[in-house]
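The values are calculated or read from the model by the stated rules, or taken from the named source; none is laboratory data. On a predicted model such as this, the values are computed, not experimentally measured, just so you know. Please note: Cβ atoms are built from the backbone with ideal geometry, for glycine as well, and neighbour counts cover all protein chains shown. Note: areas computed on protein heavy atoms with side chains; ligands, DNA, RNA excluded. Shrake-Rupley method; radii C 1.70, N 1.55, O 1.52, S 1.80 Å.
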Amino acid sequence: MSRVGKNPVLVPAGVTVDLKGQHLKAKGKRGELELMVHDDVSVVRDGDKLVFKPRTDSRRARTQWGTARNLASNLVKGVSDGFTINLEINGVGYRAQADAKMLKLQLGYSHDVEVAIPAGIQIKAVKPTEVEITGSDRQKVGQLAAEIRSLRPPEPYKGKGIKYSTEKIRRKEGKKK
């Protein structure tokens, strides 16, 4: 039995949730997001809660139960608070600049790397070595952060590269004489 799926999703004040069949739509101060809940899972609105239950006792229904609940939770949290991922840039001469539509990165290559900022996501260069990615869609924020990190992943010898602020880099010892 799913431990995640048992917990109802609380809908905070300021967020409106429309439920039409399997189509879930949430609207809040940070925008509007939609979700199609899997057919094996039933969704019921109970006051200010969304309750999820598997329709059958099949393995697929039970696996989709917790997934659907978490996706709906991310939807509600995204339109109310939003999601933020912080990236740190380590290395001599490595830095970032953010405009409204582009993120310019100097990562030790012969050219500057430019990353287009998709709609619904904001990027701030807090410092030249710190980037903050914010948005309402958790999947888009995480995907963009992973793509930016992949431009220069952190290396284990000097720790140079782009890393998540919560990430710990396992350092290796260099060559010995």
Residues in the stretch 86-104 that are outside any strand (DSSP E or B) and within 14 Å of Lys124 (Cβ to Cβ) total 3
Out of the residues in the stretch 50-81 that are surrounded by 17 or more Cβ atoms within 10 Å (Cβ to Cβ) and of a type in the set (A, V, I, L, M), which is farthest from the chain's Cα centre (by Cα)? Ala61
Out of curiosity, is Leu103 open to solvent by less than 40 Å² (accessible area, probe 1.4 Å) and touching a residue at least 40 places away in the same chain (Cβ under 8 Å)? yes
Could you check how many residues of the stretch 109-128 are in contact with a Ser or Thr (Cβ under 7 Å, 6 or more places away or on another chain) and either among the aromatic types (Phe, Trp, Tyr) or in contact (Cβ under 8 Å) with a residue 40 or more places away in the chain (or both)? 1
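For the stretch 161-172, what are the residues that are in contact with a Leu (Cβ under 9 Å, 6 or more places away or on another chain) and in a loop (DSSP other than H, G, I, E, B)?
Ser165
Listed here are the residues, each with its yes/no results for (1) closer than 27 Å to Gly78 by Cβ; (2) under 15 Å from the mean Cα position of the chain (by Cα); (3) surrounded by 15 or more Cβ atoms within 10 Å (Cβ to Cβ).
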| residue | (1), (2), (3) |
| --- | --- |
| Tyr94 | no, no, yes |
| Ala98 | yes, no, yes |
| Pro118 | yes, yes, no |
| Ile123 | yes, yes, yes |
| Thr129 | no, no, yes |
| Ile148 | yes, yes, yes |
| Arg152 | no, no, yes |
| Tyr157 | no, no, no |
| Arg170 | no, no, no |
Return the pairs, sorted by first residue and then second, in which the second residue is in a helix (DSSP H, G or I) and open to solvent by 20 Å² or more (accessible area, probe 1.4 Å), the first residue lies in the stretch 73-93 and is in contact (Cβ under 8 Å) with a residue 24 or more places away in the chain, the beta carbons are less than 6 Å apart, and the residues are 6+ apart or on different chains. Asn74/Arg138; Gly78/Arg138; Phe83/Arg138
Within the stretch 9-49, residues outside any strand (DSSP E or B), free of Cβ contacts under 8 Å to residues at least 60 places away in the same chain and open to solvent by less than 90 Å² (accessible area, probe 1.4 Å) come out as Gly21, Gln22, Val37, His38, Asp40, Gly47, Asp48
